[in-house]
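Report on one structure; see the data block that follows.
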Amino acid sequence: MSRVVEELWIFSRDGIPLLEIFKNTDLDQTLIGAFLSAMKSFTEGLSGKSLKSFSFGAEKFLMIPSHNDNVFLVSKYNSSVKEKKIQKLMNVIIKFFEEMYTTKDIEEWDGNISYFDKFKDRLELYFELSQV
């Protein structure tokens, strides 16, 4: 089964990778995080607004802030999928994440990715049951 969300990353405000889910490519998440954080800062400085989405060829990316802008979630999806559908799905994912972790949890995270295993399991189950 092919997922609507091809890849999903969670980064700190500074672009530090916290979690990578549904890995489908060999993209270096550290480089992605640095690039997205820089783009986000550049866009905010230029327009005063936060970068929400962008595309490269047939791939689209949607960025959604969480935990008072301390983290941002990024989904990669095919341009044939409507952004509204991805936005709705990402809102569910954000809700799960915010229910499971507080801002303090994120700030005090020690770098051990197993800390997010329950979240990953919950997402896998959600995607399996909902077939999205």
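Of note:
- Mean residue ellipticity at 222 nm, helices only, the chain: -13500 deg cm²/dmol; runs of at least 4 DSSP H residues each add -39,500 (n - 2.57), and the sum is divided by the number of residues.
- Each residue of segment 98-110 was assigned a 3J(HN,Hα) from its phi angle through the Karplus curve 6.51 cos²θ - 1.76 cosθ + 1.60 (θ = phi - 60°); the sequence is 5, 6, 8, 9, 8, 4, 4, 4, 5, 5, 9, 4, 8 Hz, with glycine and proline shown as x.
- Phi-based couplings in Hz for segment 28-42 (Karplus 6.51, -1.76, 1.60; Gly and Pro marked x): 7, 5, 5, 5, 4, x, 5, 4, 5, 5, 5, 4, 4, 5, 4
- For segment 67-132, the extents of the C-alpha atoms along the principal axes are 38, 25, 18 Å, listed from largest to smallest.
- In segment 1-70, the trypsin sites (Lys or Arg not before Pro) that fall in loop regions by DSSP, at most 10 other Cβ within 10 Å: LYS49
- In segment 83-112, the GluC sites (Glu not before Pro) that fall in loop regions by DSSP, at most 12 other Cβ within 10 Å: GLU108
- Amide H to amide H, with H built 1.01 Å from N, SER53 comes under 5 Å of MET63, counting only residues 5 or more places away or on other chains.
- Separation of alpha-carbon centers, segment 1-21 and segment 35-79, rounded to whole Å: 12 Å
- Nonlocal amide H pairs with GLU6, under 5 Å, H built at 1.01 Å: LYS76, TYR77, ASN78
- Ratio of the Cα radius of gyration of the chain to 2.2 N^0.38 Å, where N counts its residues: 1.01
- Amide H within-cut-off set for LEU18, under 5 Å, with H built and near neighbours excluded: ILE10, PHE11, SER12
Just so you know, all these numbers are worked out from the coordinates, no wet-lab data involved. Quantities reported herein were computed from a predicted structural model and do not represent experimental measurements. Positions of Cβ are generated from backbone atoms using ideal geometry, with glycine treated the same way; all protein chains shown enter the neighbour counts.
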